[in-house]
1. Give the long-range amide H neighbours of Gly72: residues separated by 5 or more places, or on another chain, with amide H under 5 Å away, using H modelled in the peptide plane at 1.01 Å from N.
2. Can you give me the C-alpha center-to-center distance between region 43-63 and region 262-326, rounded to a whole angstrom?
3. Could you pull out every one of the lysines with an alpha carbon less than 22 Å from that of Lys2, ignoring same-chain neighbours closer than 8 positions?
4. Give, in whole angstrom and from largest to smallest, the semi-axes √(5λ) of the equivalent ellipsoid of region 256-302, with λ running over the eigenvalues of the Cα gyration tensor.
5. Summing -39500 (n - 2.57) over the DSSP H runs of n ≥ 4 in the chain and dividing by its residue number, what mean residue ellipticity at 222 nm do you reach, to the nearest 500 deg cm²/dmol?
6. For the chain, what relative contact order do you get, as a whole percent, if you take Cα pairs closer than 8 Å and at least 6 residues apart?
7. Could you derive backbone 3J(HN,Hα) for region 292-306 from the dihedral phi with the Karplus parameters 6.51, -1.76 and 1.60 (θ = phi - 60°), listing whole Hz in sequence and x where the residue is Gly or Pro?
8. For the chain, modelled as a GNM with alpha-carbon contacts under 10 angstrom, which of Arg71, Arg62, Arg244 fluctuates the most?
Amino acid sequence: MKIAFVGKGGSGKTTVSSLFIRHLAATGAPVIAVDADINQHLGAALGLDEAEAAALPAMGDRLSLIKNHLRGSNPRIASAETMIKTTPPGEGSRLLRVCEDNPVYEACARPVELDGGAVRLMVTGPFTDADLGVACYHSKTGAVELCLNHLVDGRGEYVVVDMTAGSDAFASGMFTRFDITFLVAEPTRKGVSVYRQYKEYARDFGVVLKVVGNKVQGRDDLDFLRAEVGDDLLVTVGHSDWVRAMEKGRPRRFELLEDTNRRALRALEVAVDATYELRDRERYMRQMVHFHLKNADSWGNARTGADLAAQVDPGFVLGEGVTASL
């Protein structure tokens, strides 16, 4: 299952996503955690110190390796140089599985040991001095989008992506790559503004969107969120001494997380698992192709000097029964 966490900056989406990752790991489920935010904080939220977080390999720096691996023997893709962030898989492409070893994971993923289990962590990488003035953030997240386009996941397997803040995900088709999107919102007007943007943009794409109310301190906060987001409000999270201790570098065992917050995380898991039966693989591919053609027309063809529409394999549908190229 592919899960996105979104929200405005400072909403607590990284904290909530890290708690959910810990919760899934504690159940023994296989988890890939991806930090796709320009502000790279997921590693620290999962307990890495500054040096460990800084040493994580950046996916954006390994884009050539990722493209060469995923291209496989797909005859529709002339070269890795003609692959863009939206390039869809086809016959001959190499696919990624959650529970496997492959060159992409070897180069870009690192295991993170948690007290309740372990996860694979991948990061886009932060902006560097070399990027300033010459690169946009989407050049970093393109590696994530390519991997999601080629990733096959099944029931009980989880890919949790901490997305960039705000509504920036709509600059590409990546917002359609998920089974469910959790929008973390504070009980303020600014807190729900990103929700309204997401709701409007996602309306025509069948995006399953649920709101996680964060920093909710009482009945008035709860009533405010219910009035603003209605039935999309799934759960709320309040003050947590466990989180406060973690942020001070004094993490406690995860089993000591407050009961109310543990129940909230369980509710998220139930909501995620319920979306498995809603999967529409043909629609998933149509949306992937839709955004690929848009990107090809707007900049991709000119950038690569190729007709990127020819990369689309009209008979290919990504699903659990598809076999990958060797």
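The values are calculated or read from the model by the stated rules, or taken from the named source; none is laboratory data. The model shown is predicted, which means the values in this text are computed figures rather than measured ones. Don't worry about glycine lacking a Cβ; one is built from the backbone with ideal geometry, like all the others, and counts go over all protein chains shown. When the accessible area is computed, the model is the full protein with side chains, heavy atoms only, and any ligands, DNA or RNA have been set aside. Shrake-Rupley method; radii C 1.70, N 1.55, O 1.52, S 1.80 Å.
1. Arg94
2. 26
3. Partners found: Lys13, Lys67, Lys85, Lys140, Lys199, Lys210.
4. Ellipsoid half-lengths, sorted descending, are 39, 16, 5 Å.
5. -10500 deg cm²/dmol
6. Once normalised by length, the contact order is 28 percent.
7. Here the 3J(HN,Hα) series is 5, 5, 4, 5, 4, 5, 7, 7, x, 4, 5, 5, 9, x, 10 Hz.
8. Residue with maximal mean-square fluctuation among Arg71, Arg62, Arg244: Arg244.
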